[in-house]
Amino acid sequence: MSRFATLADHTRYGAAKMEKSNVFESERMFCDLYCLEPGQAQKPHAHAASDKVYVVMTGEVRVSVGGEERVLGPGGAAWAAPGEAHGLQNASGARATVLVFMTPKP
């Protein structure tokens, strides 16, 4: 796997569900690009032993972490600690991309 990436090469949308594209991965972490059409979402869930960070690259998404919700635009970020419920939804009328980091990799 390359140590460099162009996010445009990982951007792809699906009509049926949010698309995930792996950008980087090691035995300790991963970095994915989530591509969401309007209305698409990642259901709230938790990881017992992993931290997760969402960074909005394009568009706007509603992010929930630990029962708190915020609408984030480009450059906005959110962190979920191990065990905290988290999820996101593209509640806007435009496409959105979110860079996602998780460590340790589950």
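Laid out as a table, the results:
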read-out: Least to most buried among D51, D32 (fewest other Cβ within 10 Å first); value: D51, D32
read-out: Selection of GluC sites (Glu not before Pro), the stretch 24-72, meeting DSSP coil and at most 11 other Cβ within 10 Å; value: E27
read-out: Environment charge of G14, counting only residues whose C-beta is closer than 13 Å and scoring Lys/Arg +1, Asp/Glu -1; value: +2
read-out: T6 versus S26: modelled label distance in nm, points set 7 Å from Cα along the beta carbon direction; value: 2.5 nm
read-out: Gap separating the Cα centres of the stretch 1-58 and the stretch 70-87, nearest whole Å; value: 13 Å
read-out: Computed label-point distance, nm, for sites V53 and R95 using a 7 Å Cα→Cβ extension; value: 2.5 nm
read-out: Point-to-point label distance, R62-K17, nm (Cα→Cβ direction, 7 Å offset); value: 2.1 nm
read-out: Value of D in µm² per second that Stokes-Einstein yields for the chain, Kirkwood Rh from Cα pairs, at 37 °C (0.692 mPa s); value: 238 µm²/s
read-out: Of G39, G67, G76, the one that fluctuates the most in a GNM where the chain has Cα springs shorter than 10 Å; value: G67
read-out: Longest site-free stretch - the chain; sites: trypsin sites (Lys or Arg not before Pro), DSSP loop, at most 13 other Cβ within 10 Å; value: 29-106
read-out: In the stretch 1-78, chymotrypsin sites (Phe, Trp or Tyr not before Pro) in a DSSP loop with at most 14 other beta-carbon atoms within 10 Å; value: F4, Y13
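No value in this document is a laboratory result; all are computed from the given coordinates. The structure presented is a predicted model; accordingly, all values stated were derived computationally and were not measured. FYI the Cβ positions are ideal-geometry reconstructions off the backbone, even for glycines, and counts take in every protein chain you see.
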